[in-house]
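Input: a single structure, listed below in structure tokens.
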Number of protein chains: 4
Amino acid sequence: MESPGQPEDVVSSARLETFADGVFAIAITLLVLEIRIPEPGQNVARAIVDQWPSFLAYVTSFVTIGTMWANHHRIFTVIRGTTYGFLFVNVLLLMPIAFLPYPTAVVARHWFEGKDQVVPAMLLYGGTMALIAVFFSVVWLYAASRGLVPAEAVRSRAVRRRGELIYRLAPLIYLLGAGASVIDPILSLIVFLGLAIYWAFPVRPREA
Amino acid sequence: MESPGQPEDVVSSARLETFADGVFAIAITLLVLEIRIPEPGQNVARAIVDQWPSFLAYVTSFVTIGTMWANHHRIFTVIRGTTYGFLFVNVLLLMPIAFLPYPTAVVARHWFEGKDQVVPAMLLYGGTMALIAVFFSVVWLYAASRGLVPAEAVRSRAVRRRGELIYRLAPLIYLLGAGASVIDPILSLIVFLGLAIYWAFPVRPREA
Amino acid sequence: MESPGQPEDVVSSARLETFADGVFAIAITLLVLEIRIPEPGQNVARAIVDQWPSFLAYVTSFVTIGTMWANHHRIFTVIRGTTYGFLFVNVLLLMPIAFLPYPTAVVARHWFEGKDQVVPAMLLYGGTMALIAVFFSVVWLYAASRGLVPAEAVRSRAVRRRGELIYRLAPLIYLLGAGASVIDPILSLIVFLGLAIYWAFPVRPREA
Amino acid sequence: MESPGQPEDVVSSARLETFADGVFAIAITLLVLEIRIPEPGQNVARAIVDQWPSFLAYVTSFVTIGTMWANHHRIFTVIRGTTYGFLFVNVLLLMPIAFLPYPTAVVARHWFEGKDQVVPAMLLYGGTMALIAVFFSVVWLYAASRGLVPAEAVRSRAVRRRGELIYRLAPLIYLLGAGASVIDPILSLIVFLGLAIYWAFPVRPREA
């Protein structure tokens, strides 16, 4: 094996970004397929209103995947290329992202069924998001350890803060948020949506 | 915060365009999944003919998303890059676009059921389109206010006319069009399709 | 209006190609969703064998879309850019291509039901393919008339032969092929598949 | 016909890579649609746990497609362009890849039904993977024989070893792995997943 920091063949990350953009774009667009279309017998207006958990879960997953994509984009503005191994680390990250439509649908469909149904559904949802957060850290740490990120970027306070503080706590926050469904499932979605919106604001270096 | 016009880090919009193209392409292609396949028992020819509202809604949504994509493409020929925040503004725009297969299916499936079913379905459809129009203006105004568009382009009569007149009235026209389903749902689709076709013709500067 | 040959603003066709590639790629991949998964009660081996029309239709549509994509790719190696209007002409072409999973599924699902069911299904399928062929000619003729293709390429014997002979006859061949399902639906698929494979071989100039 | 090594018109492979990336990205993301969402009546936690074969098949197919994509990416770092014919060879390769969600779903849905159901399902799955492996060799051999790969790359020991040994044995290993479902279907997935992970490690030249 090569020693860390001694990167093996580094090629352009253009195609990795195209593939990742594809998976992000498809996962975010497939979310709509899980919203149930009112059946011929049903009252359309009422059926749509009663589906508000589906819409809320849709927005939560959409904003989450959108934020993940924007952050992936942002990380790759400092990444200077990819190795063969780094491709797989990204495939790992894309797995829970592509999986997100499933827990989104499970939560939406069992929303009104009582805690013993909602809590496991929400744990599946929050667990998937926690996994995404973990693999995001892995992507960054792998890139940093293999010399795919310039040393300045690694040192940069802004990046460090995000990399160390938020990314480490995020999985825990997601699981706690999922657990909050014991009180009310809406609390979980507020935590998930809030975290996505929080991440939409980039950390700025404040050197003072 | 940085003052408006003092753009923060501006990076290439290449990947934003790839991601947006992906969402547009997927949403436009997913539309077909909502057209029901005649069941083994049914008469194929009759079932297909009876599904004409599905096909009309398909064409309307297809042409609308196609026009939206072409206009997004057109706006980005003058946009000189993206900030981190601008990525999110675009994610917001993509949300109702990716959502469009849902109201398209709702309208198609309840077409023959009477006004109390068709009108709310059409309001959902027109409302989604109104939202797309609103977010399109937001994308443009955000880009203009953050200096992502050259001042000449902002001043340009052609762009101004489109930006101010059509985009401001569009949400209203979509809602009025949806309301026209009180008379006949076909009127709504004519308004929606007409608006998409109208937008397909670029505004040319006529200085005289 | 501008006079033909006096092209309006010509911009890079890069994003048009990305969008078109996306629609081609999604339509070709969505085909698999229409193949029915044997239900828990059914004998798996027998259910799969009995689904051979689904697989044959899958291969036919897959090869057709693949060939369409390759020819689109090939046309764009000589196209030097796009106007705003040319974007819409391409959206028109993409509409029947994105629609193809629907007739593919209709044909597969009603294959064993007798002529009065199979023939209209096959006409829908062949009609969609005829439409694709027509719009392909429109794309080429529009590009040629607006000066988006260098004059040499338009004059080129190879391109001319393909443009005039095959593309003009293709819609007719597709409809005749669909009509052949009166004898046996397998004949239709042989015609469709044969045409796709024929198109896979580029016309070479033979000046002698 | 042109003689081998005398390549016909070679154009940039950029668009071929975009299209292939699209198909890989869509196929990998569609896998999630085949995982069944627990119905309102069912116990959510139990239904999810009982679906472990679905999740295992999901991971196996996801890692397999991810590895295929990474290897496609890797091959194209040495490929210097594409001919018209090479586009079709790639379309052939993409066909079983885009098909993979189907056997994945068949295996997952019939996992608990006894050998006479599981073995044919697994043969379909392994057979699809064997076909992918065969077409991967075809892509490489076609590129090499048409001069699309520099002679050094063809000669390179690393590439040769992979090209000759693994790719030739792979179809056999996949079929043997599928046959192992006679003992236990989990053995098949271990073989498939193991092969995907094995391929994730690039062959390094060891000249000694």
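The values are calculated or read from the model by the stated rules, or taken from the named source; none is laboratory data. As the structure is a prediction and not an experimental result, all values here were calculated from the model. Reconstructed Cβ throughout: ideal geometry from the backbone, glycine too, with neighbour counts over all protein chains shown. In case anyone asks, the SASA skips ligands and DNA or RNA and just uses the protein heavy atoms, side chains included. Shrake-Rupley method; radii C 1.70, N 1.55, O 1.52, S 1.80 Å.
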Selection from segment D:8-43 of residues that are over 24 Å from the mean Cα position of the chain (by Cα), in a loop (DSSP other than H, G, I, E, B) and among the hydrophobic types (A, V, I, L, M, F, W, C): D:Val10, D:Ile37
With respect to C:Ala70, is the statement that it is more than 12 Å from chain D (Cβ to nearest Cβ) and open to solvent by less than 30 Å² (accessible area, probe 1.4 Å) true? no
Filter segment A:31-60 for residues that are of a type outside the set (A, V, I, L, M), in contact with a helix residue (DSSP H, G or I) (Cβ under 6 Å, 6 or more places away or on another chain) and farther than 16 Å from A:Trp111 by Cβ and give the result. A:Pro38
Subset of segment B:119-143 (residues that are closer than 22 Å to B:Trp199 by Cβ and open to solvent by 30 Å² or more (accessible area, probe 1.4 Å)): B:Leu123, B:Leu124, B:Leu131, B:Val134, B:Phe135, B:Val138, B:Trp140, B:Leu141, B:Tyr142
Which numbered condition trips up D:Gln117, out of (1) closer than 19 Å to D:Gly177 by Cα; (2) at pLDDT 95 or above? (2)
Would you confirm whether or not segment D:78-90 contains a residue that is open to solvent by less than 20 Å² (accessible area, probe 1.4 Å), modelled with pLDDT of 90 or more and closer than 19 Å to D:Gly177 by Cβ? no
Residues (touching a Ser or Thr at 6+ places or on another chain (Cβ under 7 Å) and among the hydroxyl-bearing types (Ser, Thr, Tyr)) located in segment C:69-112: C:Thr82, C:Thr104
Which ones in segment A:50-67 are more than 9 Å from chain B (Cβ to nearest Cβ) and not aromatic (Phe, Trp, Tyr)? A:Asp50, A:Gln51, A:Pro53, A:Ser54, A:Leu56, A:Ala57, A:Thr60, A:Ser61, A:Thr64
Restricting attention to segment A:105-132, which residues are more than 10 Å from chain D (Cβ to nearest Cβ) and of a type in the set (S, T, N, Q)? A:Thr128
Filter segment D:76-105 for residues that are over 17 Å from the mean Cα position of the chain (by Cα) and in a helix (DSSP H, G or I) and give the result. D:Tyr84, D:Gly85, D:Phe86, D:Leu87, D:Phe88
State whether one or more residues within segment B:96-118 are surrounded by fewer than 21 Cβ atoms within 10 Å (Cβ to Cβ) and of a type in the set (Val, Ile, Thr). no
Here are D:Val182, D:Val154: which of them is open to solvent by 40 Å² or more (accessible area, probe 1.4 Å), at pLDDT below 85 and either small (Gly, Ala, Ser) or more than 18 Å from the chain's Cα centre (by Cα) (or both)? D:Val154
Could you tell me which of the residues B:Arg15, B:Arg36 is of a type in the set (D, E, K, R), facing chain A (nearest Cβ under 9 Å) and either in contact with a His (Cβ under 6 Å, 6 or more places away or on another chain) or open to solvent by 10 Å² or more (accessible area, probe 1.4 Å) (or both)? B:Arg15
Looking at C:Thr83, is it of a type outside the set (A, V, I, L, M, F, W, C) and facing chain D (nearest Cβ under 9 Å)? no
